[in-house]
Each structure stands twice: as structure tokens, then as C-alpha cells.
Amino acid sequence: MTKQSFVKGTLILVLAGLITRLLGFINRIVVARLMGEEGIGLYNMALPTLFLIYTLSQFGLPIAISKRVAEAEANNNTRQIKKILVISLAITGTLSIVFTIGMIISAPIIAKHFLTDERTLYPLLAITPMVPISAIASVIRGYFQGRQNMKPQSYAQVIEQIVRISCVAFFVKLLLPYGIEFAACGAMISVIIGELISLLFMLRMFRFHKRITLHHRFFAYLSSGKQTLKSLLSIALPSTGSRLVGSISNFLEPILVSQSLAIAGVQTVIATKQYGALTGYAIPLLFLPTFITHSLAIALIPNISEAEAKQQHNLVQYRIHQAIRISFASGAIATVILTMFAKPILMFMYGTSSASSFLVLMAPFFLLLYIQFPLNAALQALDYAKPAMWNNIISTIVKFILLITLTTNPNYGIMGAAISVTVGFVLGTFLHLATLYKVAKFYIPSLDVLRMILLVAATWLISYVLKQWIPSYSSSLQVFLGLLSLLFILYICLLFILRFITKDELRQIPLIQRFIN
């Protein structure tokens, strides 16, 4: 099996993430234009419940698998890798079946009494088959990540999106005449089909690359894997706690927002539309750069785990610095663009600028979210998943307190939800930084902080000048894309001037290394 370096593995994930996000945005545009804000609201109200069940069925094992497989790989222990996979599949397979049945039974109660819109019942039921499919796929992804081969899951991500986007318009149009809730079901069905094809591809790649046979002496490995189970749970339990906090947060968020807006006197249909504008238009744009930071986090865990197993502590520190530097560089350009060009972006993509105020408010603070992913991954790779979990719990509690306080106030309304989400992300990042300093004496040097400030300030100034120089950018998509292309070219120059990208990193890219001495 081909093993990639940290930069090369990250680049593969980034390219796949870029393609996936672009296809995903095409998918969102199609769905948004077909179903409107109300349909998007129903769709996004149902998804957090799925993510909650998905997290419970995974039991935090993908991260644990990645770390423990990387350690076993460093010691060339094939037997241990098989034990890890056998135990993980047994756990996730059992839990996914249990929680899928539970989701089907509880869906009517959730739709009627929690989400305040009974139409969410149909999307909730439609999405349930995805739970066992995604749970099994997550184990296979963790295995490939642990062996630092990022190609299979990257290909699978792209395939999943291609299949989804190929199906979504058909199913939404097919079911739309029966009602907006059935159109949301159509969008869910396309998600399931894409995930299933992706899983089949991953299984095919596993059979092609495998050094082990899972079905051979499966139960013997299962019965003798007590110590392996403990080593997995030492990471899986706190990782589950962290993800569970996020999933419960996502599950409760639409419930609290809808209930709080009702207390503030906002009608159900209007509340659904406002929530759809926030979660369907603004937040996906704000999360766009996270395909890079998430890729860095995925590659960081096995890389740091392997370095720790080999007692290479300086490499651990360097990798964390490197991941934060690249994460910030990927997020700074998005922050400036979303702040300076919120209205034209929304108009060109969705035909409405109703979410522009959310982007202008939230984008500057999301810079801290972009570096939160590698910080969280570093803590998990260093076996400090438990402190990371408590950081997430604290930031989520603060977010909910603010959400309820502000959203029930008619002066804030849905904007209160946006503020609370932003505060939660900012607090979580600072808590992770404090924890890393405490356990590993890691900190961001003052010079790096200064370079970060200069990068954002220079990019903002360039954007402002381009807006004045090309005033017709908001009336023509071609002109706007030309402006953004010019901005990206100048931004890349800034990255080299401020040394956010180094020659050593470029040498690790096969297509570029031949041109660098």
C-alpha cells in the first residue's frame, strides 16, 4: 500500500475536498432553487438528528482506529491492525443497527414535539438507512488514514458527490408535486445512494490493498481483543464525547432556535425560513475553507501518532505549527471574500442576499474556527482527547446559554443564533490553545501572529482596491469571477512573501518538486 508524506497526503485530501465542496455547492444551489428557503429549512432541521445517531453508532472509533493503526504500522504489527478492524466493525455494526431502529421509532416524536414542524417526519425517516452505511465506511476510512494512504477515501468522497448530484434533481423534482416535505425526502434519498456507492468503492479498494483477511478467524480475534478494545476506548470514549457534544448541539440547535423564535413571537413558517437562510446559505459558505483544515486534521493524527511512537518530539511540534499556518492561510482569503463580497456571492449562488448580514457578522471570527481543527486533532493524537472533549463541552454550554438568551429577545431574533454560534467557535479555539500549551508547551510565536495580522490586513486592502477599480463586479458573474481570480493570484504572492508556504513544502508535491532546486 502506498504511504504518503504529511504534505502529500494532505494535498490529496485537499484536492478531493475542493472537488467535493464545489460539487456540494452545486448540489445546494440545485436544491435551494428547487425547494426554496422553506424546503432547505426542513432539510437542515432533519440532518442534525441523523448526525447525532451517526456519532453514537461510530462511538468515536474512526479517530481511535487512525491513531492505533498508525502506531501498529510504525511497529509493523499486522496482527494488531486486524484486531483493531475486527473489534471496530463489531462495535459500529451493532450500534448502527440499534440506533437505526431507535431513530425510526422516535422520528414521529422528534418531528412533532421537538422540531415544531411535523413535516420533518418524512425527511427523518428517509435518511435512516444512511446510518449503518456511514458507520461501516467510517471504519474503513480510519484504517486507510492510519496507514497514511489518503487516496481511497479521497476518491470515495468525489464519487459520493458525483452520484449525489446526479440523483438529487431527479428525486426532488419527482417528489416535489407531493409537497415540500417529500421534496426534502428526495434530497435525502440522493444522499443515501451516494453514500452507498462510496462505501462499495471503499470496500473494493480495501480488498485490493489489503494485507489481512477479515473473515478469517474473525471471532477468534474478537474474543482475544480485550486489550485492543481498551486501547481503542481510551481515545474513542472522549472522542465520542467531543463529537456527541457537537452532534447534540446540532440536534438541539434547530429545536432551541425554533422554540426561542416562537417565544419571541415569530411564526413557524417565518422561523423555518430564517433558519434555512442561516444554516442553508450562510454557514455552508463559512465552512467552505474547512475542507482544507479538516484534511490537515485527518493527516495530522496518524502523522503525529507515528512521530510520538518513534519519540520524535520536535517533529510533533513542527507538524502542529505547520498545520496551523496552512489552516490560517486557507481561511484568511475566505474571511476577506465573504466579508467584502457577501451580497454578490449570495445573489449569484442562490438568487437572494437575505443571509448577507450573517456572513458579514460571522466571517471575521470564523478564522479561529479554521485553526481549531488541527488543534483538536493534535490533542487527540497526543492522547489528550479527554481535555479536548471538556473544551468542547464548555464552549457548547456557553453557546446554548447565549442562544436562548439572545434568540428569545425580539431585538436579536435569528441574529442571536448567529452570535451564539460564533462565540462558541471562538471560545473552543482559545481553550484548545490553552490546553496544548499546558500539556505540550505549544504556543503560536509572536512573529507568526504578526504575519497572520499582516496577511489579513493586506488581503482586505487589496480587495477594497479591486472593488473600487472594478465597480461592475456585482452585476456580472464573469466580471466577478475575474476579480476573484485576480485576488487569488495576489493572495498567493502574499503567502510566499510572508512565508506561509515554504520551498520545503513545495518540494513534497510531485508536479512541482522537479522545478525547485
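The values are calculated or read from the model by the stated rules, or taken from the named source; none is laboratory data. For clarity, every value in this text was computed on a predicted model and none was experimentally measured. Here Cβ is always computed from backbone atoms with ideal geometry, including for glycine, and neighbour counts include all displayed protein chains. For the accessible areas, the whole protein counts, side chains as well, though only heavy atoms, and no ligand, DNA or RNA atoms are used. Shrake-Rupley method; radii C 1.70, N 1.55, O 1.52, S 1.80 Å.
Considering (1) of a type in the set (A, V, I, L, M); (2) out of contact with any Gly (no Cβ under 6 Å at 6 or more places or on another chain); (3) open to solvent by less than 40 Å² (accessible area, probe 1.4 Å); (4) within 22 Å of I235 (Cα to Cα), the lone condition that A107 does not fulfil carries the number (4). Would you call I101 free of Cβ contacts under 8 Å to residues at least 24 places away in the same chain and under 25 Å from S88 (Cβ atoms)? Answer is yes for this residue.
Look through segment 49-61, keep the residues that are in a helix (DSSP H, G or I) and open to solvent by less than 10 Å² (accessible area, probe 1.4 Å), and return whichever of them is nearest to S96 (Cα to Cα). Looking at residues that are in a helix (DSSP H, G or I) and open to solvent by less than 10 Å² (accessible area, probe 1.4 Å), I get S57.
Counting the residues of segment 304-328 that are open to solvent by 10 Å² or more (accessible area, probe 1.4 Å), of a type in the set (S, T, N, Q) and assigned to a helix (DSSP H, G or I) gives 2.
Is at least one residue of segment 261-268 under 25 Å from T92 (Cβ atoms) and either surrounded by 21 or more Cβ atoms within 10 Å (Cβ to Cβ) or at pLDDT 70 or above (or both)? No: zero hits.
Does segment 495-516 contain at least one residue that is among the β-branched types (V, I, T), surrounded by 12 or more Cβ atoms within 10 Å (Cβ to Cβ), touching a Gly at 6+ places or on another chain (Cβ under 9 Å) and modelled with pLDDT of 85 or more? For segment 495-516, residues among the β-branched types (V, I, T), surrounded by 12 or more Cβ atoms within 10 Å (Cβ to Cβ), touching a Gly at 6+ places or on another chain (Cβ under 9 Å) and modelled with pLDDT of 85 or more: absent. Inspection of segment 192-201 identifies no residue that is polar (S, T, N, Q), farther than 15 Å from I136 by Cα, in a helix (DSSP H, G or I) and open to solvent by less than 30 Å² (accessible area, probe 1.4 Å).
Tallying residues that are open to solvent by less than 10 Å² (accessible area, probe 1.4 Å) and either closer than 27 Å to I283 by Cα or assigned to a helix (DSSP H, G or I) (or both) within segment 431-447 yields 2.
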